[in-house]
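Enquirer: Below is a structure I'd like to ask you about.
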Amino acid sequence: MTDQTRTSPLVNRLLKMISLCALGYLLIILAIIIPRGIQSVEQQKQELEEKLALSLSNSAAIALYVNNYDIASEVMDALLLHQEINAVKLASVDGIVFERTTIPTTYKEQNYWTDANRYRLDSPVDGNLIGYLMIHEDHQVIRQQAINQILDQIAVVLIQFLVTFIALIWIVRRLVGKPLTDLSQALSEVRPDHDRKVAVAAEDHHNEIGLVAKSINEFIDASHQALLRERELRQQIERWESYYRTIAEQDTLTGLKNRLGCEKFVLRKQRASTTMVLLLIDLDGFKQVNDTLGHAAGDEVLREIAKRFYALAQTHFSDFVVGRLGGDEFAIYIPLDEFVAESIERFAAQLIESSSEPIGLGQQSAQVGCSIGISHMNSLHIDLEKLLLQADKAMYWVKYRGKHGYHIYRMGEEILPLPSAKELKQDQFR
C-alpha cells in the first residue's frame, strides 16, 4: 500500500470528526442564538420604550398638568410612530385621561390596559406624582420582529458556517502548513471595532487560503458595519432625547423658553450668582391687535416683541433667559452678583420703549406697549412662586396706575388695590 492509500482513511476520519464537531457546534450555536435572540429583541424593545417614555415624560407631565390635548396628542403620536406600540394612555391622579390607539375599539378587551407598561409622571412644578404614562405593546408585531431577526441571524450563521466549513475541508485535504499558521496569526490580530483586513499573499489569492481570508474579511466588514449601525442608532436616540427635551422647555411660537425652561434656568443658576432678578412683562394693547387684525397678526407681534426683548437683553447682560409664560406675558430672569436698581430701571425703560415701536404687518402695522413688574430674591434661598407673585403684584400695580411703566417690588410692600379675578377675566387691565 502506498502512503497516499494509508493516509487517505486518516484524512477521511479527520474530515468526519471535523464534520461531526462542526455539526455539534452549529447545533449549540443555534440553541444559544434562538433564545438569546428572542430575549435580545424583547430587551431592545423594552429599552427603546423606556428611553422614549423618559424623553417624553416631561411633555406628558406638562400635558396632564395643564390639561392640554395638543401636547398630549404630540406625545401619543410620537409613541405610536413605533409599530411595536399600538396604544398610549395618559392618566392623571385627578381623573384627566388622554388615550389613543391604532386598533379598533371593538377589539379591545375589558382588561386591555392591565398588561400595559406604566411609567410614573411627576409634576413639572413640585415633582409630586401627577399621573402615569401607559404604553400597550403590540405583542404580535414584537413576536414577528423577533422571529425575523432570529431567522436573519440563523441565515448569517449558516452562511458563515458553510463558507468556513468548505474552506476547512480544502485546507485539510491540501495539508496547508505555513499559510494556515500565517492566517491564524493574522486572525489573532483582528478586532471587531476595527476594519483591518486579513492580508493574503499574492500566491494565495486564488487558493483555499485566499477563500478563507476573503470570507473572514467579509465577516469583518459585516461586523464593522453592524458596530457602525449600532453607534448611529445610539446617536439617533440621543438626538431624539435632546429634541424632546427641547420641545418640553421651548415656546414653539417665539422660540423662547417656556415656563418650565425658565424655571430650570433659575435652578441651574442658584449657586452661580447672589441675586436672581425677574422682570415680568405684560403687553399693553395686545388684545386690541388680536381683535382687530386677527390672531395671525397677533402671533407675528409676539414673535417680533420676543426678538426685541432678547436682542435688548443681550446688549445689557451676559447671562439671562427670556421666556414666554403664556399669552402675551413674558419673563426675563437675570442672575446678578448685586441688585442695582438704577441699572435694572434703565433696562426696563428701554424694554418699554422698544415694545412701543410700530410693528410692520405687511400693508398694516400694529403698536403695543408693556407694563413691567420687577422683583428680586437671594439665589440660594429662592422661592420661584414667591418671586413670580411679587413681580406679578408690581406689574399689576403699573396696570392700575395707567400702564406703560415699571415698578420694583420691595420687601414687605403691599400693593393695593389689585385687579379682581372678574376684572382679569374681562381684560379690564389690558
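The numbers here are math on the coordinates, done by the rules we state, and not lab data. For clarity, every value in this text was computed on a predicted model and none was experimentally measured. As a convention, Cβ positions derive from the backbone with ideal geometry for all residues, glycine included, and neighbour counts pool all protein chains shown.
Enquirer: Could you work out the percent of alpha carbon pairs in the range 27-135 separated by over 25 Å, rounded to a whole number?
Expert: 29
Enquirer: Calculate, for Arg239 and Ala349, the FRET efficiency according to 1/(1 + (r/R0)^6) with r their C-beta to C-beta distance and R0 60 Å; round to the nearest 0.05.
Expert: That gives a FRET efficiency of 0.90.
Enquirer: Here's a follow-up. For Val340 and Ile169, compute 0.36 nm times the residue count separating them, minus their Cα-Cα distance, and round to one decimal in nm.
Expert: Working it through step by step, the gained length comes to 52.9 nm.
Enquirer: Here's something else I'd like to know. For the range 43-104 and the range 322-336, write down the distance between their C-alpha centroids in whole Å.
Expert: Here the answer is 29 Å between Cα centres.
Enquirer: Counting other beta carbons within 10 Å of each residue's own, what order do Met76, Met377, Met411 fall into, fewest first?
Expert: Met411, Met377, Met76
Enquirer: In the range 39-77, whose amide N lies under 17 Å from the spot 7 Å out along Cα-to-Cβ of Asn128? List them in ranges.
Expert: Only 61-62, 64-67 fall inside the zone, counting backbone N under 17 Å.
Enquirer: Just order 325-336, 27-38 by mean Cβ neighbour count inside 10 Å, highest at the front, would you?
Expert: Top of the packing list down: 325-336, 27-38.
Enquirer: With r as the distance between the Cβ atoms of Gln314 and Gln270 and R0 = 22 Å, compute the FRET efficiency 1/(1 + (r/R0)^6) and round to 0.05.
Expert: Calculated transfer efficiency: 0.45.
Enquirer: Same structure again: So, counting K/R as plus one and D/E as minus one, what does the shell of residues with Cβ under 11 Å around Gln43 add up to?
Expert: Residues close to Gln43 contribute a combined charge of -2.
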